[in-house]
Amino acid sequence: MADVNYALASLGAVASSSGAASGHGADLAIDGNDVTWWQSSHSLSLSPWLAVDLGAPQYITYVSFLNGNAPNGSVQLNVRASVDGVNWSVITGAVVVAGENVIQVGGSIYRHWQIYDTGAGSAAWYVYSFRVYGPAEAPPNPETPMCDQITAWLDSVETNFVPCVEDWLAANP
């Protein structure tokens, strides 16, 4: 099964940014169109950032973005994520160039994702698309008790064996 880009406005994601040039708002980075773009404002007194709220926590395996302009040839970025939009974890720091940049995140559950420039350049920064990918169906949580995992699996395949499995589990502790 193919991965899903959860950072699409059509799926309910919402983009925000530190600022934008006129006509190039953050929403254009998640519209699914690689011809439109978000552009940071020309005031680089603060490190520009672009964020997306997926609407709910999702199991994510990688983040990618199509960077249209890298001031001075490259941009020093941090990618960070949060479950609640308040407490952030830095996922990685990277130097990226113009073009497609893919950052593996190893399977993490977060709702909010942000990329930000940690070494402000002298020109505006463009992002044509900001994508946050994960499987269509998240893998089972290893912290969930086994019976709950079996029940969830059975529910997902729409069978009616839950009482049978529960009886078997009760008889075979």
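Read-outs throughout are calculated quantities, based only on the coordinates presented, and are distinct from any laboratory measurement. None of the values given here were measured: they were computed from a predicted structure. All Cβ positions, glycine included, derive from the backbone under ideal geometry; neighbour counts span all protein chains shown.
Here are the numbers for this structure:
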| item | result |
| --- | --- |
| Distance between modelled label sites at Asn172 and Tyr59, nm, 7 Å Cα→Cβ extension | 2.4 |
| Theoretical gain in end-to-end length, Ile109 to Ser22 [0.36 nm per residue, Cα-Cα removed] | 28.0 nm |
